[in-house]
Amino acid sequence: MNMKLKKLLNDIQKTEDKIAELQEHLKRQNILRQQMEDIEIVKSFRSMKLDSRSLLVLLDRIQKGTVTIQMDEDGGITVEDAKAPQKKENNAEAHRPPVGQMTEREVLDDEE
């Protein structure tokens, strides 16, 4: 066999092996990134100091898209009702509990 061809075939094989190794490394790095992001999400929600029931209600509302979450300047998170207007226009809304805190009746309605 031609030496140049043999050398080229060996080089191709080494390159393919290196690509496979790097793809595996990239896969592991992406898994690690996902795990670290999950840890940060859990820390953020734990810092809200909600009881178990309120936390589950909040997570359910997030999944349904009825609340929005935004980062504030201090790196904390702010949770807002997605359907509520930015400014409170009537006095009835002023007596509504904050998002994440529910009245007894609301909690029972969500469980059904």
For this session: Name the long-range amide H neighbours of I77: under 5 Å, sequence gap of 5 or more, or other chain; modelled H, no Pro or chain starts.
Result: D72
Exercise. In whole percent, how big is the carbon plus sulfur part of the accessible area of segment 23-83, probe 1.4 Å, protein atoms only?
Worked result: 53 percent
Problem set entry | Calculated from backbone phi, Karplus (6.51, -1.76, 1.60) coupling profile of segment 17-32 in Hz, x at Gly/Pro | 5, 5, 4, 4, 5, 5, 5, 5, 4, 4, 4, 5, 5, 5, 5, 5
Exercise. When the Karplus curve 6.51 cos²θ - 1.76 cosθ + 1.60 is applied with θ = phi - 60°, which whole-Hz ³J(HN,Hα) does each residue of segment 34-47 get, with x for Gly and Pro?
Worked result: 4, 5, 5, 5, 4, 4, 5, 5, 4, 4, 4, 6, 5, 5
Exercise. Once the whole set of protein chains is in place, how much accessible area is left on K7, using a 1.4 Å probe, in Å² to the nearest 10?
Worked result: 150 Å²
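The values are calculated or read from the model by the stated rules, or taken from the named source; none is laboratory data. Keep in mind it's a predicted model, so treat the numbers as computed, not measured. Protein only, heavy atoms only, side chains kept; ligands, DNA and RNA dropped before computing areas. Shrake-Rupley method; radii C 1.70, N 1.55, O 1.52, S 1.80 Å.
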